[in-house]
Each structure stands twice: as C-alpha cells, then as structure tokens.
Amino acid sequence: MTSFYLRWTGVLLVGMLFGGLLYAHYTQHLASLTPEQLLHQMPSGEVRLRGLVKSGSLQGELEQGKAVFELVGERVSVTVQYAGPPPENLRELKTLIVVGRWDPMSNTFYARDLALLPHYGFVTSAYVAGLVPLVIVVFSMARRVNALYEEIKRSTVYQPEATPYVDT
Amino acid sequence: MFRHVVQWVVWKDLLTEFRSRETLSSMLFFALIVIFIFSFSFSMNQQAAQELIAGIIWVAFAFTGMIGLGKSFSAELQNDCLEYLQGSPAAKGAIYAGKVAANFMFMLIVEIILFPLFVIFFNLDVIEQISLLLLIFFLATFGLSAVGTLFSALTVQIRAREVMLPILLLPLVVPVMIAAVEATKGALNGDPLPMYQQWLELLAIFNVVFTVVSFWLFDFIIDA
Amino acid sequence: MISKVVRRLRRFQGWFGGLAAGCLVAGLYLGLLASPPDYYQGEVARIMYIHVPLAHTALLAYTVVFAGSLWYLWKRDPLIDNVCHAAAGLSALFTALALVTGMIWAKPTWNTWWTWDARLTSFALLFFILLGYLMLRTFIDHPEREARYAAVLAIVGFLDLPIIHFSVEWWRTLHQPQSISLRGVSISSGLLIPLVIMSIGMSLLFAYMLILRTQLLYLSRLLETKRGRLLSQFHFSKADP
C-alpha cells in the first residue's frame, strides 16, 4: 500500500507542476496595458497593449502583414501601426493584445505581433471538469482493487479458522 | 408449427382480454385523461392545436402503449404462466411473434378508438389524409410493440418493473416518436407526401431492424 | 483461486496506466502550450483537445460493451460479463464528462449551454441508455440473469444509436434556424497532432480503467462467494451437531 500512495503522490506532484507551468504561461499571456495606462506611463521599452479594434478604422494589406487601426480603451484610443507576420485574428470589433513600442513623437504604437485577448475561464473549467473526475475515479478504483486483493489474501489465510466451529 | 404457436398465443391473449377487459379499458381511460390534461395545460386555441396536436397524440399513444406493454407479460406471472411459457417446447421466437401481434392489436385498437376523439375535441380536418394517417399509426405502433414486447419480457422478472419498463424503453424509441410526430404533423397539415416520406422510411427501417434483433434476442430472455 | 486471466491483467495493468499518463501529459503539453490557437475560435478551441477524446472514448467504451455482450451471450463467461459491466459504467462516466465539457465549449462559441444538436442530443440519450443499463443491473438479484438481460439491453441500445442520431439530425434540420452555425473546427495539422495524441492517451486510460474496474467487480464477487461459503460452513457446522 505504501508504494501505491507514493506513486499517487508522484502523479499529484506532476499534475501540480504542470498546472503551475500552465498558470505561469497564461498569466504572462494576459499581462498587458490598457490605452489609458499607456498614455499615462509612456513606457520606452517593448510593452503589450490591450484594446478593442475600433469599428471602421482597420486599413492596410493584411496578406502582407501591414495594417493600421485604432485600439479603443475605456476613454481614449491609440493608433496602432502593425508590421509583422500576416495576422490571423485581426478583425474589427475584436479585443486584441498587440506587442510593440510606443512612439510619443508620432503618437503611434508600432506593433510587431498581435493576438486575440483570450478568455481562459472556459478552457480552464472544461479541463478541470474533464480531468479531475477521471483522476479521482482512477485513484479510488485503484485503491479499492488493492484493498480487495489484500482482503482476499487475508480471507484465504483465515479460512482454516472457520473450522473450530465444527467441533463445538 | 411456428404459425400455430403464434396463433395460439394471440388467441390466448385476446381471449383473456375479452373476458377480463382489463388492459383495453385501462388504456382507453388513461388516454382519455391524458387528452383532457393536455388541453387544460396548454389552453389551446385552433392555431396552437395545429402546432401541438401531433405531439399530444403520440405522447398519449406512447404512454397508453406503456400500460398495455407492461400488462402483456405481468399478466403471465399469475399462476406461474410465465414458467410454462419458458418451459414449453415451442420456439421462443413464435411466442415473441404472438406477443408482438397481440400487443400491436391492443395498441392499434386503442388508437383507432381514440383518434376520432382527438378529431372531435381539437377540430381536426382529416378526411383526405385518413389512409396516410392509418399507415403512420400502423408503422409507428408496430415499432413500439416490437421493441416494447422485448422489454416487457425483460422487465417482468425484475424488481421495480413498472418503473423500469418506461425508463429502459423510452430512450430507445425516441426515433419512433420523432418520426411518428413529424409524419403525423405533415399529414394533418395536408403537406404533400414527399415532404415527410423520409420519416415513413425511417419507421420502416426501424421496424425491420428491431423486429429481427428482438426476435433473435427474445431467446435469451425467455430462457429457463 | 483468482483466475489466471485476472492475474495476468493485474501484472500488465501498469503498462497501460503509465503509457496513458505519458500520452496525456504529452497531449496536454502540445494542446495547451505548444499549439497555436484556432483561427476562428481563438483559445476556446483548446477545449477540443479534452472534449473530443472524451467523446471518442465514450463511444469506444460502448462498443466494448456491445462486443462483450455478444461474446457473453455466445460463451456465457462471467468474466466477460464483468468486463461489460465495467465498460458500461466507464462509458457512462466518459459520456457525462463529454457532455459537460461540450456544454462548457458551447457557451462561448454558440452563446448557449445547450442546443438540440444531433450529436449533443444523441449523447444525452446514450447517457440515459447507459444509466438504464446500470439501473437494470442493480434490480436483478440473480447474477446469471442479470448478465443476460444486461447484454440484451446493451445490444439493442447499441444498434439503436445510429438510428437515434439520424432521426435527431433530420429533426433538427427541420426545426432549428440555421443562424447558430455548428461548423466544426477546421483541423490543420498543428491542431491535429495534439488531438490524436490526446485521443490515444484517453483510450489507453480507458483500457487501464477497464482493467481496474473489471478486477474490482470480479474480486468483489469472488469475495462475496467466499464469504458466502464461510458463512454457510459456519451455519452448517452449527446446525450439524
């Protein structure tokens, strides 16, 4: 039974490690500034900017990976000039995260990469709802099977003890 | 030999029914109540009736069918008749065929008595479509009784059989219900036949598949 | 005392468990971290890597029940009946999980938890059939009859599934407005590889669970008979003198 619990502790550790890895990966994906924060902070290095593509503002050749559009925050909007690989998810009224530098001279954000703002809530809940019951069921079955083997072994050992009743 | 066994099983069931009138009367009475409950719970005008009537008809028929099917084998429990059926040297398939025929007749009789009541209560216009409707009733009722008889025999020897028969049977006859409702709706609306012909074909396929399968599997249920 | 087949299963079960765990970890890594998000659905499409394997495995499990039921009716081997019983329980579990993950996927993509889509509806009906199967087994006291009746139900249900699927699909095309598009995810190779690995991993996990559960059912019955024997020994010995 000890080796059994050791093995399952290992499974649990691997699961937690994996979960932590995923969590780190996705929080890194989500870290970003809104247009208001960008205009307030004026960062000089590369940042990630999050906003909604303004309706009617998108122009440029998407197949060649060049586009100009406006990202809207709560109050202000920022002009974004994108140059990079042909974007798959660049459409109007989508919430995006763009990666690039802010140029205060031209009041333009020069982006080299962009992605949809992901909502991980559904993905996370689906994986939790799918995998956790499976693991619990496997664990409880494995434990029960081990216990049954033990019990059967014991009952063969004790079987002769049933005979003393005969000579009462 | 096979034909004689079928005949005798049908004859036996009809005779018992003729003497006691238990199954038919309870089915009819139940169906009548179902009709009234439905018309109260939906407070139907003419237009709503057009939309809903096919569904109501088949819910009423299916639930009355459950009563008939449940009684089909539980009646055999008295005086150990079931054990004699199990022990008899006759082909088990013949017993199955006889039971299917008897159940089919009961259900069809009830449907034929009930349908005019639907026509009267809900102001339906059915004169031109009557032969098609009869064909639909025939096919769907056969499907219900082919699978239902198998499950009636299956549930008769277990605990909680009154509950288990609908629980096991209803999910399996979903195709029959869908096809019957859609075809009946089409016929009552006076649609041209090609618009709902596929449902009749589906019913025919279901009937063929499950008559053969149930005929074969019945051997394993009535097995001493 | 314990049959040779079961002892052999016990010896090799670790391979299935280990391989399943390896495949699942690799598939999760590829699906959640390494693969690109889907063109249309974005990150939400990653639910596919858990939902589709669960659904496949549920059907695989029911196929095992069907094949095992045919085999049981042919050979009447109680161990095969244990396999069927185990596979049916697991199939119900996988079906339920596939339904739940499917509903979670449906909410962001179709903006509703439930649509009367042919696949969803036939899976729900499959779940009902399996629940009926498991209920039926608890309502019969005679073990041999329990196995026989359950096998009959499983065979009828399995043959009914395609008919249910087609009828619901036809019914849906009549009644649902086509505004909700039920387009499947366009599968590119980058998405396909993690999906295949997850499917294999899930099938192996099912095999592992099936071996475990078969042993569980077999052993508890064995223990029951053993205890029954001890008990009867006890009673006889008391009654004898």
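Key figures for this structure:
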| read-out | value |
| --- | --- |
| B:ALA94 vs. criteria crowded, with 20+ Cβ neighbours inside 10 Å, in contact with a Phe, Trp or Tyr (Cβ under 9 Å, 6 or more places away or on another chain) and in contact (Cβ under 8 Å) with a residue 60 or more places away in the chain | yes |
| Out of A:VAL137, A:VAL145, A:VAL72, A:VAL78, sole residue that is farther than 30 Å from A:GLY20 by Cβ, touching a Leu at 6+ places or on another chain (Cβ under 7 Å), within 14 Å of chain C (Cβ to nearest Cβ) and surrounded by 17 or more Cβ atoms within 10 Å (Cβ to Cβ) | A:VAL145 |
| Residue in the stretch A:10-50 that is nearest to A:ALA115 (Cα to Cα), counting only those that are more than 14 Å from every other protein chain (Cβ to nearest Cβ), assigned to a helix (DSSP H, G or I) and without any contact (Cβ under 8 Å) to a residue 24 or more places away in the chain | A:GLN37 |
| Residue match in the stretch A:52-75 (condition: outside any strand (DSSP E or B), small (Gly, Ala, Ser) and either within 27 Å of C:SER35 (Cβ to Cβ) or touching a helix residue (DSSP H, G or I) at 6+ places or on another chain (Cβ under 9 Å) (or both)) | yes |
| Count - residues of the stretch B:17-32 that are open to solvent by 80 Å² or more (accessible area, probe 1.4 Å) and at negative phi | 4 |
| Residues of the stretch A:93-108 satisfying the condition of being open to solvent by 50 Å² or more (accessible area, probe 1.4 Å) and free of Cβ contacts under 8 Å to residues at least 12 places away in the same chain | A:MET105, A:SER106 |
| Residue within the stretch A:84-92 that is loosely packed, with under 15 Cβ neighbours inside 10 Å and either at pLDDT 85 or above or within 30 Å of C:LEU204 (Cβ to Cβ) (or both) present | no |
| Residue list for the stretch B:17-41, restricted to those being among the β-branched types (Val, Ile, Thr) and either within 19 Å of the chain's Cα centre (by Cα) or not in a helix (DSSP H, G or I) (or both) | B:THR23, B:ILE33, B:VAL34, B:ILE35 |
| All positions within the stretch C:86-119 that are in a helix (DSSP H, G or I) and not hydrophobic (A, V, I, L, M, F, W, C) | C:GLY89, C:SER91, C:THR95, C:THR101, C:GLY102, C:LYS107, C:PRO108, C:THR109, C:ARG119 |
| Hits in the stretch A:114-150 (condition: in contact (Cβ under 8 Å) with a residue 24 or more places away in the chain and not in a helix (DSSP H, G or I)) | A:LEU114, A:ALA115, A:LEU116, A:LEU117, A:PRO118 |
| Given (1) under 18 Å from B:ALA140 (Cα atoms); (2) within 9 Å of chain C (Cβ to nearest Cβ); (3) acidic (Asp, Glu), number of the condition B:GLU201 does not satisfy | (2) |
| Flag if C:VAL83 is among the β-branched types (Val, Ile, Thr), within 12 Å of chain A (Cβ to nearest Cβ) and in a helix (DSSP H, G or I) | no |
| Residues within the stretch B:139-173 that are within 11 Å of chain C (Cβ to nearest Cβ) and either over 9 Å from the mean Cα position of the chain (by Cα) or under 17 Å from C:ALA154 (Cβ atoms) (or both), tallied | 23 |
| Yes/no for C:ILE129 being free of Cβ contacts under 8 Å to residues at least 24 places away in the same chain and among the aliphatic types (A, V, I, L, M) | no |
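The values are calculated or read from the model by the stated rules, or taken from the named source; none is laboratory data. Note that this is a predicted model, so its numbers are computed, not measured. A quick note on method: Cβ atoms are made from the backbone with ideal geometry, for glycine too, and the neighbour counts reach across all protein chains shown. For the accessible areas, the whole protein counts, side chains as well, though only heavy atoms, and no ligand, DNA or RNA atoms are used. Shrake-Rupley method; radii C 1.70, N 1.55, O 1.52, S 1.80 Å.
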